[in-house]
Structures are given as structure tokens and as C-alpha cells.
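Heads up, the thing below is written out as C-alpha cells.
Read-outs: derived from the displayed coordinates by stated rules, not from any lab. Being a predicted model, the structure only gives us computed values, none of them experimental. Ideal geometry is used to build each Cβ from the backbone, glycine not excepted, and the neighbour counts take in all protein chains shown.
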Amino acid sequence: MVVTADLFLFVGCLRAAGLLHQNLLRNVLFSPMTFFDQTPIGRLLNRFGKDVETMDFQLVKNIESWILCLLKVLSVPIVVMLTTPLFALVCIPLFVIYAIVQRFYIATSRQLKRLESVNRSPIFSHFGETVTGVASIRAYNKQDQFIAESENKVDNNNVAYYPTIVINRWLAFRVEFMSNLIVFFASVFAVLNRDTLSPGSVGLSISYALSITQTLNWLIRMTSELETNIVSVERIKEYSETPTEAPTEIPNYKPPPEWPDKGEVIFSNYATRYREEMDLVIKDINCHIHPGEKIGVVGRTGAGKSSLTLGLFRIIEPASGIITIDGLDISKMGLHDLRSKLTIIPQDPVLFSGTLRMNLDPFEQYDDARVWEALAHSHLKEFVSSQAKGLMHECTEGGENLSLGQRQLVCLARALLRKTKILILDEATAAVDLETDDLIQQTIHSEFRDCTILTIAHRINTIMDYSRIMVLDNGKICEFDTPESLLQNKEGLFYSMAAAVHLVGERPTLDTVDS
């Protein structure tokens with residue numbers, strides 16, 4: 001019977017923990033970018049680390065111990081009352097006092113656990129930041145400062161942990177006092193009824209009463225620990241119910257398999273913001289990008305260049321207006337259907353732990369010949385061929401065993417493999433030298449000549465041969481025309497940026513902008 005009960009308990013807790021962890025992971029992976037902007041990484045590590053560990057290991061033991069203690073505590077007064085019925089007169093007030101003490105202790109202990117959990121997250125965050133920036137810390141000889149900050153955060157965590165030890169002593173004193181009262185009254189009533197009780201019944205009654213001291217204390221501790229550790233489930237459940245992105249697929253608005261076949265992009269009164277409470281970062285954008293056009297996007301830092309590309313991928317949702325691609329409103333379709341049809345070469349190249357081939361073709365959609373062709377066009381073939389394992393060359397976490405420029409070229413090769421009708425370049429050549437930049441631009445012009453390209457450029461000379469230039473300022477389009485036409489306007493913003501890099505004759509002024 002005991003084995004069966006334990007089996008049901010452990011299997012039930014294991015399945016519940018697995019389901020909660022699955023919901024947590026799924027919800028976090030599908031959370032919008034604003035969630036990660038607002039949530040410290042240490043808090044996420046705390047949820048997936050300490051809270052999941054508590055749910056997997058400690059809660060099962062807590063539930064088992066609590067059930068055993070509860071049965072023991074209930075059995076003692078029953079045995080004593082069967083022997084000496086008068087014990088019921090004092091049993092009820094004693095258990096009322098016990099319930100008051102338990103309620104006060106558990107509520108306090110639970111809140112202290114919350115405080116301790118909240119103060120634990122900064123320790124993880126600071127440690128992660130320290131490991132990431134260890135080279136800079138050593139360069140500036142700030143090791144002692146970071147050690148002191150880490151110790152200070154641990155001390156702050158202990159400030160919340162110390163009261164939990166104090167309140168345990170507070171509980172032990174009061175529970176032992178009540179336990180002694182139970183023993184006292186059981187003994188008194190046994191003496192008063194000595195004429196009607198056998199020595200064996202008296203011994204049974206008093207021995208059961210003596211055992212309750214430890215059991216009562218343990219029951220409150222188990223109840224407290226159970227409620228305290230159930231906070232981990234509460235915290236996991238909280239992140240399992242946060243708002244997520246739009247559905248990956250919407251059956252009623254699914255684009256055709258060949259979409260987009262032209263690459264026409266139209267912004268109609270488009271505006272967006274990063275969060276509800278923030279100001280608009282893109283305001284009233286109206287433009288028509290024709291199929292196959294090469295559009296350069298320039299503007300001051302903070303003008304909204306990257307925000308415009310985030311809107312195309314619906315990383316941030318529109319506040320008003322729509323974006324249509326080949327006649328379809330992208331806000332009505334599933335995110336996977338949209339994002340799988342667009343290609344971006346990002347400013348910060350992203351690689352994962354695994355083989356180089358996995359990073360280039362994670363879904364194994366292309367054969368090795370296509371992969372090598374993409375590497376050749378991205379000027380990486382020589383480097384990959386020089387590696388002992390070739391395409392099976394292992395990339396470390398984040399691609400740290402490759403240079404920043406090589407990681408950028410891997411992203412270019414990935415784009416060449418997919419070769420969608422719309423390509424977005426977010427300062428894609430910022431991490432490579434000028435010679436490699438020229439080679440990449442040649443590749444883009446030859447391999448993506450039939451595609452619509454939107455390029456956020458820091459080097460204006462790389463987009464001077466584009467079809468049109470979009471100049472953004474304060475989230476709005478202030479100029480949008482061919483490079484030749486924009487350079488005719490000497491009062492325009494694009495002219496001042498071209499002058500800053502000596503593409504035109506005038507010297508730049510002090511307030512020239514970075515494109």
C-alpha cells in the first residue's frame with residue numbers, strides 16, 4: 001500500500017513538473033522581444049535553474065513528509081481521547097492556538113522566501129555580466145570592485161535569508177510549549193481516571209502524547225516548506241502565462257507557397273512603438289517599394305532605421321497602418337509564414353553551437369553542392385576548405401572560434417542559400433574590412449539582382465548605386481529619391497551625410513550625422 005501511494009505521488013509530481021517546465025520553456029521562447037528587454041537575464045536563469053530544481057526534487061519530499069506528519073498529528077489526539085475523553089475539552093482550544101501560530105508563521109515564511117528569491121536573481125545577473133566582460137574587467141584592473149559588488153549582492157540575499165532562521169526559532173519555542181501542554185493534560189486526565197484505566201491504556205496515551213512534540217514541530221515546518229517551495233511553482237506559472245507573439249500559422253490567412261513572387265513592399269500610414277507605454281519610433285510611413293528595387297536606408301542614430309526592419313518581421317507589431325507584401329497584409333498572417341519568406345543579414349551575426357553546416361542549413365534543405373556554392377559566393381570557401389572537418393567544423397557557443405567578420409560572412413552564406421525575394425541588410429558589412437565589403441556588395445548585386453533589397457547602411461558609398469535612398473529622421477521619411485536627385489539638394493539631410501564622408505565637395509559641419 002505504501003509503495004503504491006509513493007509511486008502515484010512520485011509519478012504525479014514528475015508529470016506535473018514536466019508539464020510546467022514545458023509550458024514555461026514554450027512560453028518564454030514565444031515571448032515578444034519586449035519581454036526580454038524588460039526581464040533581467042538573471043531572473044530567467046533563476047526560473048529555469050533554482051525554481052525548476054525545487055519543483056523537481058524538493059516538492060515531492062515536502063508533500064510526502066507533510067502527509068505523514070499530518071496523519072501522525074491526527075492520530076495522537078484520537079488515541080488520547082479514546083483513552084481519556086475529557087482531553088477533548090482542552091484539545092480544541094490547543095489546536096485553535098496551534099492553527100493561529102501556524103498561520104502566522106507560514107504567511108511570514110512564504111513572504112520571506114519571496115524576498116530571498118528576488119534577491120537571488122541579481123547574483124546570477126552580476127555573475128553572468130562578470131563572466132561575459134572578464135576581459136574588460138582585467139584590462140581596467142577592476143577585479144576587486146566586481147568581487148566586492150558580488151559579495152554585496154550575496155550579503156543582500158542573506159539579509160532576507162537570516163530572518164527565516166530567526167522565525168524557525170520563534171516557531172520551535174511555541175510549538176514545544178503547546179506540545180508540553182498536550183502531554184501535561186494527557187497525564188492529568190489519566191491520573192484523574194486512574195480507577196477506570198488500565199496501566200497499559202495510560203502508558204499508550206502518554207507515550208502517544210510525548211511523541212507529538214517533534215511531530216507538531218515537523219508538521220508546521222513541512223507545511224511552511226511546502227508553501228514556501230510552492231512559490232517556485234507560482235513563479236514558473238507566472239512566466240508560463242505571459243503574453244506571447246502572434247500565432248506561427250493562421251490557417252484562414254495562409255499565403256501561397258510561392259509568395260512573395262515579386263517582392264513589392266508597400267507601407268501605408270505605418271507607425272509602431274516598442275511597448276504600449278512608449279512613444280512612437282516610426283510615424284506615418286507611406287512608401288511604395290517596387291519589385292526588384294534596391295533601397296538604401298540612412299539616417300541619424302535613433303532615426304528608426306532598425307525599427308523599420310523589425311516592423312517588417314513583426315518583431316514589433318504595428319500601432320497603426322499596414323505593411324503589404326505582394327498584395328498581402330503581413331499583420332494578418334502567421335509569423336512563421338511571414339518570417340520564413342524574408343531573409344535578413346543582421347548587424348550582430350548569430351551562430352549556434354554545432355557544425356558549420358548546421359548553422360548554414362539547420363533544416364537540411366540543401367545538398368552539399370549548394371552549400372559549397374553559397375560559401376564560394378560569400379568568400380568563405382577557402383577558409384572552410386582549410387579546416388580539417390570542412391563543413392563539419394564545430395562552432396563554439398555564439399561562434400566565438402570565428403572572427404566577427406567570418407560570422408558576418410556565414411550569415412551572408414545563409415542568406416544566399418535561402419535566396420528569398422526580399423533581403424534586408426542591417427549594417428551587414430559593418431564588421432568587415434573595406435576590401436571584403438566591396439566583394440560582398442558585388443555578390444549581393446549579382447546573386448540578388450532580381451530581389452528587393454533594403455539596406456541599412458553606415459557606409460554611404462555602398463548604397464550610391466542603389467535605385468533609391470530613404471532618409472529617415474525622427475521616425476519619419478524626410479527624403480526618398482534616387483541618389484543623384486538627393487545630391488542635387490544641398491540643403492538636404494542626405495547631402496550633409498555625403499559631405500561628411502567626402503562624397504561631395506563641401507566640408508562637413510560639426511553637427512553632421514552618422515548614417
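Taking the Cα centre of the range 265-500 as origin, sum charge times position over the Cβ atoms of Lys and Arg (+1) and Asp and Glu (-1), and report the length of that vector in debye to the nearest 20. Walk me through the intermediate numbers first.
Details: 24 positive and 33 negative charges, 67 e Å.
Taking the Cα centre of the range 265-500 as origin, the dipole is about 320 debye.
Checking the a/c ratio against 1.5 first, then a/b against b/c, what shape does the Cα gyration tensor give for the range 240-323? Walk me through the numbers on the way to the answer.
Numbers: a/c = 2.05, a/b = 1.00, b/c = 2.04.
Oblate, because a/c is 1.5 or more while a/b does not exceed b/c.
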Inset, instruction - Give the cross-link partners of LYS113 among the lysines, using a straight C-alpha distance below 22 Å as the criterion and excluding same-chain residues fewer than 8 apart. - result: LYS50, LYS61, LYS153, LYS237
Inset, instruction - Give the label of the value calculated from the structure for mean projected area of the Cα convex hull in nm², choosing from (i) 34.9; (ii) 31.6; (iii) 25.9. - result: (i)
Inset, instruction - Show which aspartates and glutamates lie in cross-link reach of LYS142 when reach means a straight Cα distance below 19 angstrom and same-chain residues fewer than eight apart are skipped. - result: GLU129, GLU151
Inset, instruction - Kindly write out, for the range 13-23 in residue order, the coupling ³J(HN,Hα) from the Karplus curve 6.51 cos²θ - 1.76 cosθ + 1.60 (θ = phi - 60°), rounded to whole Hz, with x marking Gly and Pro. - result: 5, 5, 5, 5, 5, x, 5, 5, 5, 4, 5
Legend entry - FRET E, pair ASP348, ASP261, Förster distance 30 Å, beta-carbon r, rounded to 0.05: 0.45
Legend entry - For the chain, size of Cβ-based charge dipole, Lys and Arg +1, Asp and Glu -1, in debye: 2060
Legend entry - For the chain, the longest site-free run once chymotrypsin sites (Phe, Trp or Tyr not before Pro) in DSSP loop states with at most 13 other Cβ atoms within 10 Å are removed: 141-351
Inset, instruction - Would you calculate the separation in nanometres between label points at GLN111 and ASN286, each defined as 7 Å from the Cα along the Cα-to-beta-carbon direction? - result: 5.7
Inset, instruction - Taking a cut-off of 29 Å between Cα atoms, list the lysines near LYS490, but don't count ones fewer than 8 places away on the same chain. - result: LYS283, LYS294, LYS305, LYS476
Inset, instruction - Report, in degrees rounded to the nearest 10, the 0 to 90 angle that the Cα long axis of helix 143-192 makes with the longest principal axis of the chain. - result: 20
Inset, instruction - Please work out whether the range 261-375 counts as rounded, prolate or oblate from its C-alpha gyration tensor, where a ≥ b ≥ c are the square roots of the eigenvalues and a/c under 1.5 means rounded, while otherwise a/b larger than b/c means prolate and anything else oblate? - result: prolate
Inset, instruction - Quote the relative contact order of the chain in percent (integer), defining contacts as alpha-carbon pairs under 8 Å separated by 6+ residues. - result: 15
Inset, instruction - Report ³J(HN,Hα) in whole Hz for each residue of the range 471-476, in order, from the Karplus equation J = 6.51 cos²θ - 1.76 cosθ + 1.60 where θ = phi - 60°; Gly and Pro get x. - result: 9, 9, 8, 6, x, 10
Inset, instruction - At 7 Å along the Cα-to-beta-carbon direction for both ARG26 and LEU70, put a label point, then send me their distance in nm to one decimal. - result: 3.0
Legend entry - Karplus-derived HN-Hα couplings along the range 357-374 (A = 6.51, B = -1.76, C = 1.60, θ = phi - 60°), whole Hz, x at Gly and Pro: 5, 4, 5, 7, 9, x, 9, 6, 8, 10, 7, 4, 4, 5, 5, 5, 5, 5
Inset, instruction - Could you pull out which residues in the range 30-66 have an amide N less than 12 Å from a spot 7 Å beyond the Cα of THR164, following the Cα-Cβ vector? - result: 51, 54
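How about the range 108-200: which trypsin sites (Lys or Arg not before Pro) there are in a DSSP loop, with at most 15 other Cβ atoms within 10 Å of their Cβ? Before the final figure, lay out the partial values.
Numbers: sites: ARG110, LYS113, ARG114, ARG120, ARG138, LYS142, LYS153, ARG169, ARG174, ARG194; in loops: LYS142, ARG194.
Of the trypsin sites (Lys or Arg not before Pro), the ones in loops of the range 108-200 whose Cβ has at most 15 other Cβ atoms within 10 Å are LYS142, ARG194.
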Inset, instruction - Starting from 0 in steps of 10 Å, tell me what percent of the Cα-Cα pairs of the range 265-500 lands in each bin. - result: 7, 31, 34, 21, 7, 0
Legend entry - trypsin sites (Lys or Arg not before Pro) lying in DSSP loop within the range 269-354, provided at most 15 other Cβ fall within 10 Å: ARG275
Inset, instruction - Taking each pair of different alpha-carbon atoms in the range 345-400 once, compute 1/r for the pair, average those values, and report the inverse of that mean as the Kirkwood hydrodynamic radius in Å to one decimal. - result: 11.7
